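Contents: one structure, followed by commentary.
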Amino acid sequence: MPSWLGWRCGNALVAGLALRECPRGRAGAAGAAGVPRRSSGAGAALRRRRCPRGRACSTALPARRSRGPSAPQAPGGRGEGTFQVTMLPGDGVGPELMHAVKEVFKAASVPVLFDEHHLSEVQNTASEERLDRVVDSMKESKVALIGKIHTPMEYKGELASYDMRLRRKLDLFANVVHVKSLPGYKTRHNNLDLVIIREQTEGEYSSLEHESAKGVIECLKIITRAKSQRIAKFAFDYATKKGRSKVTAVHKANIMKLGDGLFLQCCEEVAELYPKIKFDTMIIDNCCMQLVQNPYQFDVLVMPNLYGNIIDNLAAGLVGGAGVVPGESYSAEYAVFEMGARHPFAQAVGRNIANPTAMLLSAANMLRHLNLEFHSNLIAEAVKKVIKVGKVRTRDLGGYCTTSDFVKSVIDNLHPHYGGGEPRARGDPSPAGAPQPLA
């Protein structure tokens, strides 16, 4: 979801990549390829004063570019330097998936430099100091690619997990999961295309629990008007910019009359500002059943925190599971790309069997967000082609291939001659036989 959203909520500008409003991205909105040109002289200084990073600009400013030698660029050579991106491998198979991303990026000559950090409660490498280093890196890069930071169930004196603390520090209020069927992989429901938008800074995940009396635990669910309006407006702006026709607010206001009632009321108020977008509501338990029976009725769904977590996983199961669905989270300043259904898949650690599809597609979405359209399409289409051909599939998709097999196949589809055919001429900027978009 790179180049779309531009809107104000309160005093904050929340946007995807409003390049036309920001001199840093002169290439335009979605569809621009390559890296924005760097200006020089007094004009550039003036633009920098008018557009301080993270203030006057929108959420998705391109990441910070390093001053090192230029990396190979897309045809046309419009880019200069490399983009710095924060990387957080996480737990479980996260490090293996990040290694897959690095291998594919290297093969595709992607001009990205990863600033890698490790934060894990499971491996006892989590601390406030490490968390602050991750946040400092994000302040520089504005963009991150992260794995699942697993949260142990044992209570050790702190209710808020490091994953939740990171999201709150960055104010990553909107989680977006695009659930779309992969051509060539058949499921019970084919040709699905729906989007789940989840508010992820409050709700049941507010980490406010206490024992009011012996054997009695109270867990507080926080719903505020400001954050409910913000996520509702985000959902309707997303639907508008992406040409989608309907937004469904998912709730449990029949039971939680005040909390979910406020969320529903805010969605209804925002809906009145978008007469061209159809709006309806659905109770969460009915929504789960309808997704299994007839998911085609949905377009964009918006919901509070816990419901979104459940629906993300349910919907991922409709198209192949956690290994194939990418996700992303946004604040007014930062963009984080991750798997849509967050699972550490700990039982697969070190076995070379994890499916890297979701992480590779998330990485491709990140490149599109950075306005590296050529590299984004190159990687995304290579991944989809491997899935469509069906000869190389990991175990979760019914195959017998390893993670390494899948990555090699993706690289071979980046450049059909990469693995053993005729090498490209030195200095040739375009990959031989670059894959074309699938029909």
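Residue check, Asn371 against (1) surrounded by fewer than 22 Cβ atoms within 10 Å (Cβ to Cβ); (2) at positive phi, all met but one. Which one?
Only one criterion in (1) surrounded by fewer than 22 Cβ atoms within 10 Å (Cβ to Cβ); (2) at positive phi is unmet by Asn371, namely (1).
Out of the residues in the stretch 82-115 that are among the acidic types (Asp, Glu) and open to solvent by 20 Å² or more (accessible area, probe 1.4 Å), state the one that is farthest from the chain's Cα centre (by Cα). Spell out how you get there, then give the answer.
Initial filter on the stretch 82-115 (among the acidic types (Asp, Glu)): 91, 96, 103, 115.
Keeping just the survivors that are open to solvent by 20 Å² or more (accessible area, probe 1.4 Å) gives 96, 103, 115.
Numbers: Glu96: 18, Glu103: 20, Asp115: 18 Å.
Applying the filter and picking the extreme gives Glu103.
Which condition breaks for Val247 when tested against (1) under 17 Å from Val177 (Cα atoms); (2) open to solvent by 60 Å² or more (accessible area, probe 1.4 Å)?
Tallying (1) under 17 Å from Val177 (Cα atoms); (2) open to solvent by 60 Å² or more (accessible area, probe 1.4 Å), Val247 fails exactly one: (2).
Pairs only if they're at least six apart or on different chains, beta carbon under 6 angstrom, first in the stretch 105-122 and more than 13 Å from Ala363 (Cα to Cα) and among the charged types (D, E, K, R), second open to solvent by 20 Å² or more (accessible area, probe 1.4 Å) and assigned to a strand (DSSP E or B); list them, first residue then second.
Asp115/Gln84
Just checking, how many residues over the stretch 67-99 are hydroxyl-bearing (Ser, Thr, Tyr) and modelled with pLDDT of 95 or more? Walk me through it before giving the result.
Of the stretch 67-99, the ones hydroxyl-bearing (Ser, Thr, Tyr) are 70, 82, 86.
Now narrow it down to the ones that are modelled with pLDDT of 95 or more: 86.
Of the residues in the stretch 67-99, 1 are hydroxyl-bearing (Ser, Thr, Tyr) and modelled with pLDDT of 95 or more.
Does any residue of the stretch 270-279 turn out to be more than 15 Å from Arg198 (Cβ to Cβ), touching an Asp or Glu at 6+ places or on another chain (Cβ under 7 Å) and not aliphatic (A, V, I, L, M)? Show your work before the answer.
Just the residues of the stretch 270-279 that are more than 15 Å from Arg198 (Cβ to Cβ), to begin with: 270-279.
From what's left, touching an Asp or Glu at 6+ places or on another chain (Cβ under 7 Å): none.
Checked against the condition, which is being more than 15 Å from Arg198 (Cβ to Cβ), touching an Asp or Glu at 6+ places or on another chain (Cβ under 7 Å) and not aliphatic (A, V, I, L, M), the stretch 270-279 yields no hits at all.
Looking at the stretch 266-300, which of the residues that are part of a loop (DSSP other than H, G, I, E, B) and charged (D, E, K, R) is least open to solvent (accessible area, probe 1.4 Å)? Before you say what the answer is, go through the steps one by one.
Step one: of the stretch 266-300, the residues part of a loop (DSSP other than H, G, I, E, B) are 272-277, 294, 298-299.
Remaining after also requiring charged (D, E, K, R): 272, 276, 299.
Numbers: Glu272: 148, Lys276: 193, Asp299: 22 Å².
Here the answer is Asp299.
So, in the stretch 332-364, exactly how many residues are surrounded by 22 or more Cβ atoms within 10 Å (Cβ to Cβ), polar (S, T, N, Q) and over 18 Å from Gly184 (Cα atoms)?
The number of residues fulfilling the criteria is 1.
Which of (1) hydrophobic (A, V, I, L, M, F, W, C); (2) within 28 Å of Asp163 (Cα to Cα); (3) touching a Phe, Trp or Tyr at 6+ places or on another chain (Cβ under 8 Å) is the odd one out, the single condition Leu273 does not satisfy?
Exception for Leu273: condition (2).
Go through (1) at pLDDT below 95; (2) assigned to a helix (DSSP H, G or I) for Arg351 and report which single condition fails.
Just one mismatch for Arg351, condition (2).
In the stretch 199-222, what count of residues is obtained for those that are of a type in the set (A, V, I, L, M) and under 20 Å from Leu166 (Cα atoms)? Step through it out loud before you land on a result.
Within the stretch 199-222, the first condition is being of a type in the set (A, V, I, L, M), and the residues that meet it are 208, 213, 216-217, 220, 222.
Within this subset, residues satisfying the condition of being under 20 Å from Leu166 (Cα atoms) are 208, 222.
Going through the stretch 199-222 one residue at a time, the tally reaches 2.
Please go through the stretch 197-238 and pick out each residue that is open to solvent by less than 20 Å² (accessible area, probe 1.4 Å), outside any helix (DSSP H, G or I) and modelled with pLDDT of 95 or more.
Ile197, Arg198, Glu199
Within the stretch 123-162, which residues are touching a residue at least 24 places away in the same chain (Cβ under 8 Å) and part of a helix (DSSP H, G or I)? Please lay out each step first, then the result.
To start, the set of residues in the stretch 123-162 that are touching a residue at least 24 places away in the same chain (Cβ under 8 Å) comprises 123, 126, 131, 134-135, 137-152, 159-162.
Answer for the stretch 123-162, where residues must be touching a residue at least 24 places away in the same chain (Cβ under 8 Å) and part of a helix (DSSP H, G or I): Leu131, Val134, Val135, Ser137, Met138, Lys139, Glu140, Ser141, Tyr162.
Return yes or no: is Glu154 charged (D, E, K, R), out of contact with any Leu (no Cβ under 6 Å at 6 or more places or on another chain) and loosely packed, with under 15 Cβ neighbours inside 10 Å?
Working: charged (D, E, K, R): yes; out of contact with any Leu (no Cβ under 6 Å at 6 or more places or on another chain): yes; loosely packed, with under 15 Cβ neighbours inside 10 Å: yes.
Against the criterion (charged (D, E, K, R), out of contact with any Leu (no Cβ under 6 Å at 6 or more places or on another chain) and loosely packed, with under 15 Cβ neighbours inside 10 Å), Glu154 qualifies.
Name the residue, out of Lys142, Lys106, Lys102, that is farther than 30 Å from Gly350 by Cα and at pLDDT 85 or above.
Working: Lys106 fails: farther than 30 Å from Gly350 by Cα; Lys102 fails: farther than 30 Å from Gly350 by Cα.
When all the criteria are applied, what remains is Lys142.
Could you check, for the stretch 239-258, whether at least one of its residues is more than 25 Å from Ala315 (Cα to Cα) and free of Cβ contacts under 8 Å to residues at least 40 places away in the same chain? Lay out the reasoning, then the answer.
Keep residues of the stretch 239-258 that are more than 25 Å from Ala315 (Cα to Cα), which gives 257-258.
Still in the list and also free of Cβ contacts under 8 Å to residues at least 40 places away in the same chain: 257-258.
Within the stretch 239-258, one or more residues are more than 25 Å from Ala315 (Cα to Cα) and free of Cβ contacts under 8 Å to residues at least 40 places away in the same chain.
The values are calculated or read from the model by the stated rules, or taken from the named source; none is laboratory data. Predicted model only: the values in this text are computed from it and were never measured. Backbone-built Cβ (ideal geometry, glycine too); neighbour counts: all protein chains shown. Note: accessible area is taken over every heavy atom of the protein model, side chains too, but ligands, DNA and RNA are not part of it. Shrake-Rupley method; radii C 1.70, N 1.55, O 1.52, S 1.80 Å.
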